[in-house]
Amino acid sequence: MFRSADLFSSKTLQTMFKTPMVIAIDGPTASGKGTLAARLAKRLDFGYMDTGALYRGVAKTALDAGLDPSKKQDAVKAAKILLEKYTPAIQDDPAIRSEAVSRGASEVAAVPEVRNILHDIQVKFAKEGSGVKHEARLNGVVLDGRDIGTVICPDAHIKFFIDAKAEVRAERRASQLEQKGQKVDRAQIMKDLQIRDGRDTSRNVAPTLPAEDAFIIDTSSLDSNEVLARALDIVRGYLVGARAAAKAKTDA
Ligand code: DC
């Protein structure tokens, strides 16, 4: 099994990178970015933040409080409430994955004030990997979302943009719901996905777009093992290059 430690010890990684190494993963709904991010973090023994969970948390907070996520003031109010009670465990709460919360998350994510409120939690995690310790310091972090490589971590060491055709993503979403025992209307799922894609890519602030220096992986015809293998190849290549550059600097 490849882990960063198979290639370099923690000590070497910590000498090469003065702060935790940052891997940014962006992409649209059901592209496979979340699965890749979680598996990559596990394999590399890095910390992981699913930033979509923050926007989902805001939407759920709004719905629970009887607020309307599509109204700007309500969305901002909910983001402030969430910030007060935020814990990283939110990303494991199944209640944030419902269709109502998904729709609301896309609405609150289009509000610039909401994005500002959630900005610092993400940057802090990228810098410190808050809450996760690896020996003296965490070796690295993986964050997934829509604007990680462009806005939250523009200096990330490696950026990925994970994409797939809309029909493939809608089918994945339908299968996930069926596996949970839910009845699915495929035409409706496709329609919801297109609405959310439209809102996420056309909004004025931090639209879902690949960073110029992102590695783009189209997962339409790949399974999650193949996606992970491609990403790990890129990480390996990056680490080998970074080590050579560090050595050249020491030798000079
Ligand atoms: O990745 P996800 O489906 O859990 O994201 C939920 C919503 O939040 C989605 O509509 C896009 C938005 N989002 C965002 O705007 N920026 C992020 N960094 C993460 C998610």
Convex hull volume per residue in cubic angstrom - Cα atoms of the chain | 129
Got a number for the accessible area of Thr19? Probe 1.4 Å, square angstrom, nearest 10.
-> 80
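For Asp233 and Asp45, what does the FRET efficiency come to when R0 = 22 Å and r is the distance between their Cβ atoms, rounded to the nearest 0.05?
The calculated FRET efficiency here is 0.75.
Which length gain, in nm to one decimal place, applies between Lys80 and Glu99 when the Cα-Cα distance is subtracted from 0.36 nm times their residue separation?
Numbers: separation 19, 0.36 × 19 = 6.84 nm, distance 2.27 nm.
Answer, rounded to one decimal: 4.6 nm.
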Mind giving me the nanometre distance, one decimal, between the label points for Asn116 and Thr201, set 7 Å out from Cα along Cα→Cβ?
-> 2.9
In nanometres, what is the gap between the two model label sites at Lys18 and Glu128, each 7 Å from Cα along Cα-to-Cβ?
-> 1.9
Return the carbon/sulfur percentage of the accessible area of segment 19-232, one whole number, probe 1.4 Å, all protein chains in place.
-> 52
What residue among Ile117, Ser9, Ile217 has its Cα farthest toward the positive end of the dipole of the chain, where the charges are +1 on Lys, Arg and -1 on Asp, Glu, each on the Cβ?
-> Ser9
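Treat every Asp and Glu Cβ in the chain as -1 and every Lys and Arg Cβ as +1, leave all other atoms uncharged, and give the resulting dipole magnitude about the Cα centre to the nearest 20 debye.
360
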Where the convex hull is taken over the Cα atoms of segment 33-163, what is its projected area averaged over directions, in nm²?
-> 7.9
Give me the accessible area of Asp155, 1.4 Å probe, in Å² rounded to the nearest 10.
-> 140
Helix-only mean residue ellipticity at 222 nm for the chain, each DSSP H run of n ≥ 4 adding -39500 (n - 2.57), per residue, nearest 500 | -17500 deg cm²/dmol
Any idea of Lys77's accessible area? Nearest 10 Å², probe 1.4 Å.
-> 110
In what order, largest first, do Ile81, Ile117 sit by accessible area if the probe radius is 1.4 Å?
-> Ile81, Ile117
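The values are calculated or read from the model by the stated rules, or taken from the named source; none is laboratory data. Quick caveat: nothing in here was measured; it's all calculated off a predicted structure. Note that each Cβ is placed from the backbone with ideal geometry, even for glycine, and that neighbours are counted across all protein chains shown. Protein only, heavy atoms only, side chains kept; ligands, DNA and RNA dropped before computing areas. Shrake-Rupley method; radii C 1.70, N 1.55, O 1.52, S 1.80 Å.
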